[in-house]
Amino acid sequence: MSSKNFFSAKRMALIGVFVALSYAVSFLEIPMPLFGATFLKLDFGNVFISLIAFLLGPIEGVIVCLLKEGLRCLTSTSLCAGELANFITTSVFILLPSILYKFRRNLKTVIVTLSISCVIATGVALLVNRFIVFPVYAHLFGGNIFGLTVVEAFNAFYLGILIFNFIKTVSVALLTMLLYKRLSNLIKKLEV
């Protein structure tokens, strides 16, 4: 695809729409306090990031993710640590399926790659929480989290974080598969 087609008005408008949808839906949060981790909240904003990655490509998916998390940073109370974590985890989640889908456009590819991405992104989320989110929160709260050191807090909450991120990635994968075909037909009609 030439850079002229990549930056067409239709594509840029579609990217803008998906940034707005992803950003707006990300505020509809469902608390999931697993194992005492009251900070875990499920939202489905990443469904739109996953959809655009399948519809237009992995680069567009990462761009939508970056813009959405950039907007979320404007109201962040965590020095954007949560937003950075979500950007990294979501990018890891969408890259494998959207890249392989470019070469093999079938349901089997989607199911297999999304399943693998759920496992990989869940592992990455655990690492990102341990080495980015928890240290930043500890810094914000005077060196501890709920009265615990970073390592103690991570050890107390890692199972909840692991289960939460697996539930989140599987939910996003399932919703993406349910919505993709309908959106795909619409996008084809728009000739983007």
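The values are calculated or read from the model by the stated rules, or taken from the named source; none is laboratory data. Only a predicted model underlies this, so the values are computations on that prediction, with no experimental measurement involved. Note that we place each Cβ from the backbone using ideal geometry, even for glycine, and neighbour counts take in every protein chain shown.
For residues in the stretch 164-192 being among the hydroxyl-bearing types (Ser, Thr, Tyr) and at pLDDT 80 or above, which is nearest to Asn5 (Cα to Cα)? The selected residue is Tyr180. Note on the stretch 58-78: residues that are out of contact with any Phe, Trp or Tyr (no Cβ under 9 Å at 6 or more places or on another chain) and not in a helix (DSSP H, G or I) total 4. Within the stretch 139-157, the set of residues being within 13 Å of Phe39 (Cβ to Cβ) and without any contact (Cβ under 8 Å) to a residue 40 or more places away in the chain comprises Phe141, Ile145, Phe146, Ala153, Phe154.
For the stretch 4-20, the criterion of being loosely packed, with under 13 Cβ neighbours inside 10 Å and touching a residue at least 40 places away in the same chain (Cβ under 8 Å) is met by at least one residue. Considering (1) aliphatic (A, V, I, L, M); (2) surrounded by fewer than 16 Cβ atoms within 10 Å (Cβ to Cβ); (3) farther than 20 Å from Val170 by Cβ; (4) in contact (Cβ under 8 Å) with a residue 60 or more places away in the chain, the lone condition that Leu56 does not fulfil carries the number (2).
How about the stretch 1-53: which of its residues are charged (D, E, K, R) and part of a loop (DSSP other than H, G, I, E, B)? Once the filter is applied, which keeps residues that are charged (D, E, K, R) and part of a loop (DSSP other than H, G, I, E, B), the stretch 1-53 yields Glu29, Asp43. Restricting Val62, Val47, Val92 to residues that are farther than 30 Å from Ala153 by Cα, of a type in the set (Val, Ile, Thr) and within 10 Å of the chain's Cα centre (by Cα) narrows the list to Val62.
Phe154 meets the conditions (1) at pLDDT below 90; (2) farther than 20 Å from Leu51 by Cβ in every case but one. The failed one is (1). Flag set for Phe103, criterion: more than 14 Å from the chain's Cα centre (by Cα), loosely packed, with under 15 Cβ neighbours inside 10 Å and on the phi < 0 side of the Ramachandran plot.
Would you pick out the residues in the stretch 68-89 that are under 12 Å from the mean Cα position of the chain (by Cα) and either surrounded by fewer than 17 Cβ atoms within 10 Å (Cβ to Cβ) or not acidic (Asp, Glu) (or both)?
Step one: list which residues in the stretch 68-89 are under 12 Å from the mean Cα position of the chain (by Cα), which gives 68-69, 82-89.
Lys68, Gly82, Leu84, Ala85, Asn86, Phe87, Ile88, Thr89, listed by residue number.
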